[in-house]
1. Relative contact order of region 157-262, please, whole-number percent, based on alpha carbon pairs below 8 angstrom and at least 6 residues apart.
2. Give me the base-10 log of I(q)/I(0) for region 42-138 at each q in 0.25 Å⁻¹, Debye formula, one uniform scatterer per Cα, rounded to two decimals.
3. Ranked highest first by the average count of other Cβ atoms within 10 Å around their residues, in what order do 128-136, 9-17 fall?
4. Between region 218-236 and region 20-60, how far is it from one alpha carbon centroid to the other, in angstrom?
5. When DSSP beta bridges are limited to those with both residues in the chain, what percentage is antiparallel, rounded to the nearest 5?
6. Given a cut-off of 19 Å, name the pairs among 137/184; 105/137; 175/276; 66/175; 151/175 whose C-alpha atoms lie farther apart than that in the structure shown.
7. Between 120, 266, 166, which gets the highest mean-square fluctuation from a Gaussian network model of the chain, Cα cutoff 10 Å?
8. Count neighbours as other Cβ atoms within 10 Å of each site's Cβ, and list the GluC sites (Glu not before Pro) in region 147-235 that are DSSP loop with at most 12 such neighbours.
Amino acid sequence: MDDSISTIGVVGAGQMGHGIAQVAAMSGYSVVLNDLDDEALKNARQSIDRSLGKLVSKERISTDLKEAALSRLSTTTDLNDLADCDLVVEAIVENLEIKCGLFEKLDEILGDDAILASNTSSISITRLAAATSRPDKVIGMHFMNPVPIMKLVELINGLATSEETTKTIEAVTEKMGKTAVFSKDSPGFLVNRILMPMINEAVFALHEGIGSAEDIDAAMKLGTNQPMGPLTLADFIGLDTCLAILEVLHDNLGDPKYRPCPLLRTYVDAGWLGRKAKRGFYDYRK
């Protein structure tokens, strides 16, 4: 079904965006990676090069495969360079207004048959689709972080998403070596609907002095066999992203159980966003 997809655009060269671009290029697709910032694109290409180099050193891929993947990847700061893409995956900031603005622009630039996918972790696909003239060709394609390693992709249909679009994107997901699960277009979808309340409760436990960050994480790792404690995971995801998802859950579902912990909001206000800021629930400056 995915023979209709040969060129994939990715908007946003951050951690998620360049991870999606890497996986797509490794899977044989031509990839156009777009970002507003030249420096972000340069850093993304270097990160992809390093990541592929590690796979070569571990003998998981050949040098030829690495070079072939890199040759299929181009970068641009001009959205118009995505005009010939068959599929564009949006991986920008978790903000409804900004995403809708991008979808409006892409809708005008892309060919009539092109599919628009969002890597959103919580925002309604139906609302994003309504910003376009092709709601039947809009779908959620939520990758997990880090994209090259994590096997899961959540696929989310908007109210108007066509069966053809769903089958095409399911085939693309499989070609990328990922496993697809399907979620209704509900706030947080499946993973974050379950994960974020757990992370939030861990922050409340820290806020209330029930345990230290180290003890909370050790308790969940050793007591429930999770590979990473919830506070370490929150730092890895980004505390601003965690807060944004919890706010979407709280605002859209109206249930107080999704109320973000005040300590989480305080850390975000302070700029302590986790690993990317070198400081979150843990100090990474050393």
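Each reported figure results from applying straightforward, stated rules to the coordinates on display, with no laboratory input. Note that this is a predicted model, so its numbers are computed, not measured. Methodologically, a virtual Cβ is constructed for each residue, glycine included, from the backbone with ideal geometry; neighbour enumeration extends over all protein chains shown.
1. Numbers: 79 pairs, mean separation 26.1, N = 106.
Rounded, it is 25 percent for region 157-262.
2. Values returned for q = 0.25 Å⁻¹ are -1.20.
3. Numbers: 128-136: 19.0, 9-17: 24.7.
Output ranking for 128-136, 9-17: 9-17, 128-136.
4. Distance between centres, Cα-based: 28 Å.
5. Working: 7 of 32 bridges.
That works out to approximately 20 percent antiparallel.
6. Too far apart for the 19 Å limit: 175/276.
7. Comparing 120, 266, 166 in a Gaussian network model of the chain, the most mobile one is 266.
8. Details: sites: 154, 163, 164, 170, 174, 201, 208, 214; in loops: 208.
For GluC sites (Glu not before Pro) across region 147-235 that sit outside H, G, I, E and B with at most 12 neighbouring Cβ atoms in 10 Å, the list reads 208.
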